[in-house]
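Shown next, in structure tokens, is the structure this report addresses.
The values are calculated or read from the model by the stated rules, or taken from the named source; none is laboratory data. Computed from a prediction, not measured in an experiment: that's the story for all the values here. For neighbour counting, all protein chains shown are included, and Cβ atoms are generated from backbone atoms with ideal geometry for every residue, glycine included.
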Amino acid sequence: MSNIISVKDLTISFEKNQKVVNQINLDIPQGKTVAIVGESGSGKTLSALSILKLLPSSAKIDQGSIIFNNKDLLKLPLKEIERIRGNKISTIFQEPMSSLNPLHTIDKQIKEIISTHNEVNNKDLKLRVLELLKEVNLEDLSNRPNIYSYELSGGQRQRVMIAMSIANNPDLLIADEPTTALDVTIQLQILELLNKIQEQRKMSILFISHDLGVVNKIADYIYVMKDGNIIEHGEKFQIFNNPRELYTQQLVSFQNKIRKNTNKKTLEILKIKDLKVWYPIKKGLFKKTVDYVKAIDDVNFTL
């Protein structure tokens, strides 16, 4: 299977030659999800950001290559990289509010990412936005084109970011901790959505996370990073069932303990069954209710 991205001997340092990524090698196969997992400060995010030259100004790449479509991305001029960003390679981050513009409607922002890289007439552009909203399960927003990001929930904002990231049919999606800020239920929905999109579009995903439990739900192949080094990598089954390095063994052991504690029988103090919540959509000068948005649909849980 061919690789969409091949990273060779990548080394990144901050000022005073403080190495934060040390000669890492990483391959992302076509149509697969590769995860980099590690604790905060391990270098996983910097490794991912280097692909699109999005490193902070205090960081510099000392050596290495990142091959994409037979070109070394590290040697390309910024203008060519900008044509790739949001087009052939796209990104989603942990907190969508930092990426979405609160002054522009969601509709406008999705249209902008499409028209930046393509010549599309207004009719087709509008249709494309509706298709994207449907693909990320935000059909309700199709009747509310003038909504702003601050009017959405965290899960809805992340779905909007996913819609924008896939708008131009990228070959690679870089997802940096995209579910960390979400509650467990929404987190699972976002992971399922990414899995579905990846399978349908046959695109590759580079998934960055500190949470091995999350990685287990989405990755085909896993790289484990610690102190700027890739200390182990392999198929998901191998990492979870036969880890070689002590650090990886500790991560897996900790994850197994969490799973066991979750399955313990406990006293039930609260039970919610078939909960539904609808919000009114109000329009016009007198804010007349014209429709409703389903915010919660058949929620069941116990505490």
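Some values worked out for this structure:
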{"read-out": "Residues of the stretch 136-155 satisfying the condition of being closer than 22 Å to Gln200 by Cβ and in contact with a helix residue (DSSP H, G or I) (Cβ under 7 Å, 6 or more places away or on another chain)", "value": "Val136, Asn137, Leu138, Glu139, Leu141, Ser142, Gly155"}
{"read-out": "The stretch 171-186, residues that are more than 11 Å from the chain's Cα centre (by Cα) and either surrounded by 22 or more Cβ atoms within 10 Å (Cβ to Cβ) or assigned to a helix (DSSP H, G or I) (or both)", "value": "Val184, Thr185, Ile186"}
{"read-out": "Some residue of the stretch 72-93 being over 28 Å from Leu132 (Cα atoms), touching a His at 6+ places or on another chain (Cβ under 8 Å), in the same structural domain as Glu177 (by TED's automatic domain parsing) and in a strand (DSSP E or B)", "value": "no"}
{"read-out": "In the stretch 87-108, residue farthest from the chain's Cα centre (by Cα) [restricted to those that are under 21 Å from Leu52 (Cβ atoms) and at pLDDT 90 or above]", "value": "Asn101"}
{"read-out": "Matching option when the condition is aliphatic (A, V, I, L, M), closer than 25 Å to Glu177 by Cα and either assigned by TED's automatic domain parsing to the domain that holds Arg201 or modelled with pLDDT under 90 (or both), among Leu132, Leu125", "value": "Leu132"}
{"read-out": "Residues located in the stretch 187-216, provided they are surrounded by fewer than 16 Cβ atoms within 10 Å (Cβ to Cβ) and either among the hydroxyl-bearing types (Ser, Thr, Tyr) or outside any helix (DSSP H, G or I) (or both)", "value": "Lys202"}
{"read-out": "Filtered residues of the stretch 47-74 (kept if modelled with pLDDT of 95 or more and hydroxyl-bearing (Ser, Thr, Tyr))", "value": "Ser47, Ser50, Ser65"}
{"read-out": "All positions within the stretch 122-139 that are free of Cβ contacts under 8 Å to residues at least 40 places away in the same chain, under 17 Å from Gln158 (Cα atoms) and of a type in the set (D, E, K, R)", "value": "Glu131, Lys134, Glu139"}
